Amino acid sequence: MSKTVLLVCTGNPCRSVMAQGILQDLLKEMGEEDSLQVISAGVAAALGGEASEEAMLVLEERGAELGRHRSRPVTQNLLAQANLVLTMTKSQRDLIQRLYPGEGKKVFCLKEYVDEQGDIEDPIGMPVAAYRKTARQLERLLLKAAKKILRDMED
């Protein structure tokens with residue numbers, strides 16, 4: 001049975017979208033694409049919004065395929081489906097833990113999950129270079145996270 005990782009940002013148009021595409025691509029490279037289902041949402045997302053053009057361009061440049069993304073808000077249902085929830089910021093983590101206290105044990109800020117400090121900056125409204133910088137940071141963090149997730153699944 002595959003496990004589900006939910007990646008969360010604010011509006012679900014760029015950070016969590018890029019994280020989803022990058023993590024799916026990393027898992028494919030590791031031969032583990034069937035081990036984890038990767039989904040994304042936003043703590044303040046409107047249902048059905050498109051990913052930002054810059055986020056899709058950066059994913060395309062990296063060879064990551066996401067398909068047609070539609071934003072969605074974090075819900076109790078999504079949280080219940082997820083085995084692990086990784087947010088882009090501590091404030092997003094705190095908000096989910098406050099709104100859904102029963103799910104709190106599986107919610108982490110991505111950086112804290114891989115023993116680092118800080119948040120992942122939101123590139124929304126910035127030039128594509130900012131998206132590329134965020135994608136490089138996400139790739140580095142998600143490679144560490146994927147190894148940890150796969151290792152934890154074996155236990």
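FYI, it's all coordinate maths here, none of it is from the lab. As the structure is a computational prediction, the values presented were derived from the model and not from experiment. Here the Cβ positions follow ideal geometry from the backbone for every residue, glycine too, while neighbour counts run over all protein chains shown.
Which residues, counting only those in segment 109-123, are among the hydrophobic types (A, V, I, L, M, F, W, C) and either touching a Leu at 6+ places or on another chain (Cβ under 6 Å) or surrounded by fewer than 17 Cβ atoms within 10 Å (Cβ to Cβ) (or both)?
Within segment 109-123, LEU110, VAL114 qualify.
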Could we say that GLY125 is assigned to a loop (DSSP other than H, G, I, E, B), free of Cβ contacts under 8 Å to residues at least 40 places away in the same chain and either of a type in the set (Lys, Arg) or closer than 18 Å to VAL17 by Cβ (or both) here?
-> yes
When segment 23-58 is examined, which residues are found to be assigned to a helix (DSSP H, G or I) and more than 9 Å from the chain's Cα centre (by Cα)?
-> GLN24, ASP25, LEU26, LEU27, LYS28, GLU29, GLU53, GLU54, ALA55, MET56, LEU57, VAL58
Can you name the condition, by its number, that LYS147 falls short on among (1) within 20 Å of LEU23 (Cβ to Cβ); (2) in contact (Cβ under 8 Å) with a residue 24 or more places away in the chain; (3) out of contact with any strand residue (DSSP E or B) (no Cβ under 9 Å at 6 or more places or on another chain)?
-> (2)
Total residues in segment 63-97, condition in a helix (DSSP H, G or I) and either small (Gly, Ala, Ser) or in contact with a Ser or Thr (Cβ under 8 Å, 6 or more places away or on another chain) (or both) | 6
Output the residue which, of all residues in segment 6-37 that are among the β-branched types (Val, Ile, Thr) and crowded, with 24+ Cβ neighbours inside 10 Å, is farthest from ASP152 (Cα to Cα).
-> VAL17
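Could you count how many residues in segment 50-64 are farther than 10 Å from TYR131 by Cβ and touching a residue at least 60 places away in the same chain (Cβ under 8 Å)?
Of the residues in that region, 1 qualify.
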Given the conditions (1) more than 16 Å from LEU150 (Cα to Cα); (2) over 11 Å from the mean Cα position of the chain (by Cα), report the number of the one that ALA19 does not fulfil.
-> (2)
